[in-house]
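Taking it in order: structure first as structure tokens, then the write-up.
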Amino acid sequence: MTVTFFANARLIDPVALTENIGGLLVENGQIKAVLDAGEKPPASANVIDCGGFCLAPGIIDIGVKVSEPGERHKESFRSAGRAAAAGGVTTIVTRPDTLPTIDTPETLEFVERRAQQDAPVHVLPMAALTKGRTGREMTEIGFLQDAGAVAFTDCDRVVSNTKVYSRALTYARSLDALVIGHVQEPILSDGAAVTSGKFASLRGLPGVSPMAERMGLDRDISLLEMTGARYHVDQITTARALPALERAKRNGLRITAGVGVHHLTLNELDVADYRTFFKLKPPLRSEEDRVAVVQAVAEGLIDIICSMHTPQDEESKRLPYEEAASGAVGLETLLPAALRLMHAEMIDLPRLFRALSLNPAKLLGLAAGRLQRDAPADLILFDPDAPFQLDRSTLLSKSKNTPFDGARLQGRVFGTWVDGTRIWEGS
């Protein structure tokens, strides 16, 4: 029987929305007690002095792309798992946009085996909603759910055929399966590289109106009213979509929403002179949109912050801006980037971890994401104030396509534990 006591910790509690100095008693991979400062652990406990740094539930990151099968040169479960551990991410929820698409139980089982063999963190796979993510025929949702799929999504491909989509949502509703959607009107968004406006015009880049997001969300909300499905929006990035989201929640629809950390901390001007590492999907938005979305996270209207980890190799990014692939890696930078919001006094740490840990756990029905008795001991110890300058060559991900290369960040992870076992020790 292994007993560990985390002493002198700044405990970040996303349930009570508090932070207090205290201790945490862990036994056999589970939290057994939360102790006040000064309380003594059992004499047999292995004591870890946290030095007054923050001890929080491990991050649960929804929407991570691991490029197995098909593109292991971009990211493998081994490299993604190490990057996650270094970033304080204890659970990754993986996307099905691989080669081939994860749309059969056999492919899903392959992914689960590789993840179990190679990744030190928990890996929960999602499966495609339609076969090949083509939007024409829904997958065998029931069989995939039995094989271990925790959600169903076509990722950034919008199912434009509303009859197919409504049938898939209805079937998912009958199984209480979670559907994750990408809310962009596909015709307006086709070929867009940036958000439309003065900046896009000055750079001569094809843009898309922020209304494309609102239009996509309005359509999906209508389908939710019709089907009653359980639905999560992968990313809300514009102010214009927020009133529709608020009304849908107020009307009792089973809808939650997330946002990628890059859209919370960067804006359209960061593209500057065609910097392709800043090319994302959806594209970066205006500063007004960014601030509105941050406020929505602080207020709880947007439930979840994720990395939208999307590895791309150098050949995919070192192209003219319009031709370059979209996406950025984010497993290691999710926490320090999100801490920018705390340092800017836009959100406090407990609310930040409500979006990083607690709400993702609730969405997926996990016991993790909280510092409570009998919860899994998935934990991170970090200093939110430790400064560093990011050098992308030091990232543990195989791909190095981060927009934060050379950026000055704050927040270092000293330790990551999964089920009470330490899987990362930082300096």
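With springs connecting C-alpha atoms under 10 Å apart, model the chain as a Gaussian network and identify which of PRO283, PRO206, PRO403 has the largest mean-square fluctuation. Most flexible of the set in this elastic network: PRO206.
Once every DSSP H run of n ≥ 4 in the chain is given -39500 (n - 2.57) and the sum is divided by its residues, what mean residue ellipticity at 222 nm do you get, rounded to the nearest 500 deg cm²/dmol?
Helix-only estimate at 222 nm: -8000 deg cm²/dmol.
Quick one: Debye curve from the C-alpha atoms of the range 277-342, no solvent, what's log10 I(q)/I(0) at q = 0.16, 0.20, 0.22 Å⁻¹? The Debye formula, applied to the Cα set alone, gives -0.65, -0.93, -1.05. Checking the cross-link pairs LYS279/LYS362; LYS65/LYS317; LYS65/LYS279; LYS163/LYS249; LYS65/LYS398; LYS131/LYS317 against a 20 Å limit on the alpha carbon distance flags LYS279/LYS362; LYS163/LYS249; LYS131/LYS317 as lying beyond it.
Rolling a 1.4 angstrom probe over the range 132-283 with all protein chains present gives an accessible area of which 50% lies on carbon and sulfur atoms. A convex hull fitted around the alpha carbon atoms of the chain yields 128 Å³ per residue. Which percent of the accessible area of the range 329-427 is formed by carbon and sulfur heavy atoms (probe 1.4 angstrom)? C and S atoms contribute 43 percent here. Remark on ARG285: its backbone amide H falls under 5 Å from those of GLU268, a criterion applied only to residues 5 or more positions apart or on other chains, H modelled at 1.01 Å from N. When a 1.4 Å probe is rolled over the protein heavy atoms, the share of accessible surface on the range 1-59 that falls to carbon and sulfur comes to 50 percent. Taking 7 Å steps out from each Cα toward its Cβ at ALA43 and LEU202 produces label points 7.1 nm apart. Within the chain, the longest segment free of exposed loop sites, counting trypsin sites (Lys or Arg not before Pro) that fall outside DSSP classes H, G, I, E and B and have at most 14 other Cβ atoms within 10 Å, spans 137-274. Against the compact-protein benchmark of 2.2 N^0.38 Å, the Cα-based radius of gyration of the range 126-240 scales to 1.15. Spatial offset of the range 120-177 relative to the range 326-345 amounts to 29 Å, using the alpha carbon center of each.
Could you do me a favour and compute the accessible area per residue for the chain, 1.4 Å probe, result in Å²?
That works out to 39 Å² per residue.
Put the Cα centre of the range 15-61 next to the Cα centre of the range 225-275 and the gap is 34 Å.
How large is the Rg to Rh ratio of the range 1-120 when both quantities use alpha carbon positions and Rh follows Kirkwood?
Values: Rg = 18.5 Å, Rh = 16.6 Å.
My calculation of the ratio gives 1.11.
The values are calculated or read from the model by the stated rules, or taken from the named source; none is laboratory data. From a predicted model like this one, the values you see are computed outputs, not experimental measurements. Because the Cβ atoms are built from the backbone with ideal geometry, glycine has one as well, and the counts that use them run over all protein chains shown. These area figures cover heavy atoms from the full protein model, side chains too; ligands, DNA and RNA do not enter into them. Shrake-Rupley method; radii C 1.70, N 1.55, O 1.52, S 1.80 Å.
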